[in-house]
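> The structure is given below, and queries will be raised subsequently.
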Ligand code: HPA
């Protein structure tokens, strides 16, 4: 089995991006469903559609803009992915996580991940924010891990540890910023499922028994690849809906609901992330 992308290909993409901007981002930011608006705060932005970048897939999901926004946010040079890739779109996990490695080759050392997630913890409500402290890579445990295949030693080791994936210093910073701004911030475990189906009630009950607080269709592959490559990772879930655990309950989750809730949460997420970015420089 060959790696889907070679080190040279990641470098071609990294050089193509750096060749089109004077910014030299050190922090990467991946925006989840409905959270695109955060990119509008980027100053002196260079905007690069994914379709113009070597090897980048094209984002096919509504609510995912599909471009890189490179510039300054809270005084920090950032590379923002306005829209991400998901396995359920039909992309391999190597393609899904390609931008993470490209950012690493560009010099990005800190990756901030955001997502829309279903609340599994009964104390969570739509509109809440959750700091991801740990994950259950359920799809990964079933053989769907982005690091399957030949290891690229230039990025990291064959058998990466996962106990320190979500960098403690960044988690502490996020908690401090939340406290300072009186922003409620849950902490918990995020579970990655491939999607595109939402969970059945029995699956939601199973996830809760396993220790999951939130569930979604992204983030873990990117966090795994970033941690493998030695990057610091901070990840925040926006709880866009409460996962339904009861047969014959009224209503059902929809993508429209997820997007609408995401838009509602953006101001608080923005406040949290701008505080974190400012704090990174101290
Ligand atoms: N399940 C999975 N992914 C999601 C959900 C959900 O309930 N909400 C937003 N993304």
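> Quick one: which residue in 158, 168 is at pLDDT 95 or above, within 22 Å of residue 185 (Cβ to Cβ) and out of contact with any strand residue (DSSP E or B) (no Cβ under 9 Å at 6 or more places or on another chain)?
168
> Within the range 218-255, how many residues turn out to be in contact (Cβ under 8 Å) with a residue 24 or more places away in the chain and at positive phi?
Going residue by residue through the range 218-255, those that are in contact (Cβ under 8 Å) with a residue 24 or more places away in the chain are 218-247, 249, 252-253, 255.
So of that shortlist, the ones also at positive phi come out as 219, 230.
Residues in the range 218-255 being in contact (Cβ under 8 Å) with a residue 24 or more places away in the chain and at positive phi: 2 in total.
> Within the range 222-271, how many residues are more than 11 Å from the ligand (Cβ to nearest atom), assigned to a helix (DSSP H, G or I), more than 20 Å from residue 183 (Cα to Cα) and under 17 Å from the mean Cα position of the chain (by Cα)?
7
> Moving to a separate point now. Just checking, which of 214, 176 is within 30 Å of residue 278 (Cα to Cα), in contact (Cβ under 8 Å) with a residue 60 or more places away in the chain and surrounded by 19 or more Cβ atoms within 10 Å (Cβ to Cβ)? Lay out the reasoning, then the answer.
On the way: 176 fails: surrounded by 19 or more Cβ atoms within 10 Å (Cβ to Cβ).
Just a single option satisfies the conditions, and that option is 214.
> Within the range 188-218, track down each residue that is part of a helix (DSSP H, G or I) and more than 11 Å from the ligand (Cβ to nearest atom).
Result: 201, 202, 205, 206, 208, 209, 210.
> Further question: Consider only pairs whose beta carbons are under 9 Å apart and that are at least six residues apart or on different chains; among these, list those whose first residue lies in the range 27-41 and is at negative phi and free of Cβ contacts under 8 Å to residues at least 60 places away in the same chain and whose second residue is within 16 Å of the ligand (Cβ to nearest atom) and not in a helix (DSSP H, G or I).
That search, which allows pairs on different chains as well, returns 36/63; 36/64; 36/83; 39/31.
> Next up: What are the residues in the range 15-36 that are at pLDDT below 95 and assigned to a loop (DSSP other than H, G, I, E, B), if any?
32, 33, 34, 35
> Scan the range 89-105 for residues that are surrounded by fewer than 23 Cβ atoms within 10 Å (Cβ to Cβ) and away from the ligand (no atom under 16 Å from the Cβ) and jot them down. First the steps, then the outcome.
Keep residues of the range 89-105 that are surrounded by fewer than 23 Cβ atoms within 10 Å (Cβ to Cβ), which gives 89-92, 94-96, 105.
Within the range 89-105, 90, 91, 92, 94, 95, 105 meet the criteria.
> Sticking with this one: Taking the condition of being assigned to a loop (DSSP other than H, G, I, E, B) and more than 20 Å from residue 265 (Cβ to Cβ), how many residues in the range 167-185 meet it?
Final tally of qualifying residues: 1.
> Having 3 or more residues that are touching a residue at least 12 places away in the same chain (Cβ under 8 Å) and farther than 25 Å from residue 196 by Cβ is the bar; report the helices (runs of 4 or more DSSP H) wholly within the range 79-164 that clear it.
By residue number, 98-106.
The values are calculated or read from the model by the stated rules, or taken from the named source; none is laboratory data. Not measured: the values here are computed from a predicted model. So basically every Cβ, Gly included, is an ideal-geometry build from the backbone, and we count neighbours across all protein chains shown.
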